[in-house]
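Colleague: Structure in structure tokens, see below.
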Ligand SMILES: *Cc1c(COP(=O)(O)O)cnc(C)c1O
């Protein structure tokens, strides 16, 4: 079996003119046989060659039978949650990404779908499913508290109760973690983050091994019109080829920075995947290849957060993650702004929690930049 990057680079071949890279097909419509049989493509919303190339490559790196490309990560999340019918309920793992929370709290009620919020997988029991729960939507690690959950165990509880498990795998990517192999029914991710990786492409992916679920995910493209354009499909196809290289460097940088921050007198706490306890470390080590490159910190009470942020020159103060550039944000008022105050409090998205997403810059520069900003805090 060939490795992740070999697969990512060679998933799509196109030998027309001996071209090393596949072409970009921009056509919106395709000539069809007049005898009533189906051609390979009809109309771009339903499917097109360049999107197919991308989806084939995405399925290859996910080790999935089917993958679908959407114009944003939320397009993928909406396609997955959109499978639920009126009268059914969803369990949302908390804290969830703010956009997933918004979809679950604003859009699902309009469709007659109810939501139950669960903050700790180890408390998940059969009783939670009593009320016609048909889907569990979970992230591991969570955003921005970096709590890790045992995906195989959640899958088992969900399946035992007749519910699907959808895992938002944005923070880990299929390079570090394969939820489908651990029993999840669908994975979704924001390709805007690590897969795209350069802060200039909005896209999303959903993948599954189940043919019926694949039909539903495809319908979300065809019926909702939620499709990635050929040019963006091509750009994402190129960017996933360097995913492993970028993530290796990002993880290596993050590890060095975490070690630096853990010893710093102005830092009260560092929250990273697997860092909270031996049990969390064991789960993360078992189900993922590394801890990723996003983590959060709390400064000591006397530190001035604004002065710290203002003194940073390499880190941009902005939402998002997974790009080659390092970013820093305050989740409570930025990525999780849709949360009620009760949910911010209940699930640990504290106002003083600072989230860092580490890029591929030189680690010593990032550390020096944080060091002088902590001095100014
Ligand atoms: C960013 C993000 C999304 C949404 O993706 P978009 O591409 O911004 O629509 C979903 N889940 C997680 C965990 C994210 O970080």
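Colleague: Take the residues in region 20-56 that are in contact with a strand residue (DSSP E or B) (Cβ under 9 Å, 6 or more places away or on another chain) and in a loop (DSSP other than H, G, I, E, B), then tell me which one is nearest to the ligand (Cβ to nearest atom).
Modeller: Residues of region 20-56 that are in contact with a strand residue (DSSP E or B) (Cβ under 9 Å, 6 or more places away or on another chain), as a first pass: 28-30, 41-44, 51, 54-56.
Then drop every residue that is not in a loop (DSSP other than H, G, I, E, B), which leaves 28, 30, 41-42, 44.
Working: 28: 24, 30: 28, 41: 26, 42: 27, 44: 21 Å.
If we take residues in region 20-56 being in contact with a strand residue (DSSP E or B) (Cβ under 9 Å, 6 or more places away or on another chain) and in a loop (DSSP other than H, G, I, E, B), then 44 is nearest to the ligand (Cβ to nearest atom).
Colleague: Now for a different question. Considering (1) in contact (Cβ under 8 Å) with a residue 40 or more places away in the chain; (2) crowded, with 24+ Cβ neighbours inside 10 Å, say which one residue 169 fails and leave the rest.
Modeller: (1)
Colleague: Determine, yes or no, whether residue 184 is crowded, with 23+ Cβ neighbours inside 10 Å and within 15 Å of the ligand (Cβ to nearest atom).
Modeller: Yes, satisfied.
Each row is one residue, and each column tells you yes or no for (1) farther than 30 Å from residue 174 by Cβ; (2) buried (at least 19 other Cβ atoms within 10 Å of the Cβ).
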| position | (1), (2) |
| --- | --- |
| 296 | no, yes |
| 303 | yes, no |
| 308 | yes, yes |
| 324 | no, no |
| 329 | no, yes |
| 333 | yes, no |
| 367 | no, no |
| 371 | yes, no |
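Colleague: Looking only at region 298-315, decide whether some residue is within 16 Å of the ligand (Cβ to nearest atom) and closer than 22 Å to residue 359 by Cα. Working first, answer last.
Modeller: Taking region 298-315 first, the residues within 16 Å of the ligand (Cβ to nearest atom) are none.
Scanning region 298-315 turns up no residue that is within 16 Å of the ligand (Cβ to nearest atom) and closer than 22 Å to residue 359 by Cα.
Colleague: Residue by residue through region 328-349, note down the ones that are within 16 Å of residue 309 (Cβ to Cβ) and touching a strand residue (DSSP E or B) at 6+ places or on another chain (Cβ under 8 Å). Steps first, answer last, please.
Modeller: Going through region 328-349, the residues within 16 Å of residue 309 (Cβ to Cβ) turn out to be 328-335.
Hits for region 328-349 are 328, 329, 330, 331, 335.
Colleague: How many residues does region 319-333 contain that are in contact (Cβ under 8 Å) with a residue 24 or more places away in the chain and within 13 Å of the ligand (Cβ to nearest atom)?
Modeller: Taking region 319-333 and keeping what is in contact (Cβ under 8 Å) with a residue 24 or more places away in the chain, we get 320-331.
With the extra rule that they be within 13 Å of the ligand (Cβ to nearest atom), the set shrinks to 320-323, 327, 329, 331.
Residues meeting the conditions: 7.
Colleague: Could you tell me how many of the residues in region 205-238 are in contact with a helix residue (DSSP H, G or I) (Cβ under 7 Å, 6 or more places away or on another chain), closer than 15 Å to residue 57 by Cβ and within 16 Å of the ligand (Cβ to nearest atom)? Steps first, please.
Modeller: Going through region 205-238, the residues in contact with a helix residue (DSSP H, G or I) (Cβ under 7 Å, 6 or more places away or on another chain) turn out to be 205-208, 217, 220, 226-228, 230, 233-234, 236-237.
Now restrict to residues that are closer than 15 Å to residue 57 by Cβ: 205-207, 228, 230, 233-234, 236-237.
From what's left, within 16 Å of the ligand (Cβ to nearest atom): 205-207, 228, 233, 236.
Summing the residues that are in contact with a helix residue (DSSP H, G or I) (Cβ under 7 Å, 6 or more places away or on another chain), closer than 15 Å to residue 57 by Cβ and within 16 Å of the ligand (Cβ to nearest atom) in region 205-238 gives 6.
Colleague: Of all residues in region 123-146, which are surrounded by fewer than 24 Cβ atoms within 10 Å (Cβ to Cβ), farther than 20 Å from residue 108 by Cβ and within 14 Å of the ligand (Cβ to nearest atom)?
Modeller: 145
Colleague: Go through region 348-365 and give me each residue that's crowded, with 22+ Cβ neighbours inside 10 Å and at pLDDT below 95.
Modeller: 349, the sole residue that qualifies.
Colleague: Just checking: which of the strands (runs of 3 or more DSSP E) contained wholly in region 259-377 hold 3 or more residues that are closer than 22 Å to residue 93 by Cα and under 27 Å from the mean Cα position of the chain (by Cα)?
Modeller: Working: elements: 267-271, 294-299, 327-329, 354-357.
Because the criterion is at least 3 residues that are closer than 22 Å to residue 93 by Cα and under 27 Å from the mean Cα position of the chain (by Cα), the strands (runs of 3 or more DSSP E) in region 259-377 that meet it are 294-299, 354-357.
Colleague: Here is a follow-up. Could you please find all residues in region 57-83 being surrounded by fewer than 22 Cβ atoms within 10 Å (Cβ to Cβ) and away from the ligand (no atom under 16 Å from the Cβ)?
Modeller: Those that are surrounded by fewer than 22 Cβ atoms within 10 Å (Cβ to Cβ) and away from the ligand (no atom under 16 Å from the Cβ): 59, 60, 63, 65, 66, 83.
Colleague: Given the condition in contact with a strand residue (DSSP E or B) (Cβ under 6 Å, 6 or more places away or on another chain) and within 14 Å of the ligand (Cβ to nearest atom), answer yes or no: does some residue in region 193-200 qualify?
Modeller: No, the conditions are met nowhere in region 193-200.
The values are calculated or read from the model by the stated rules, or taken from the named source; none is laboratory data. The structure displayed is predicted, hence computed values, not measured ones. Counting neighbours? That spans all protein chains shown, and the Cβs are built from the backbone with ideal geometry, glycine included.
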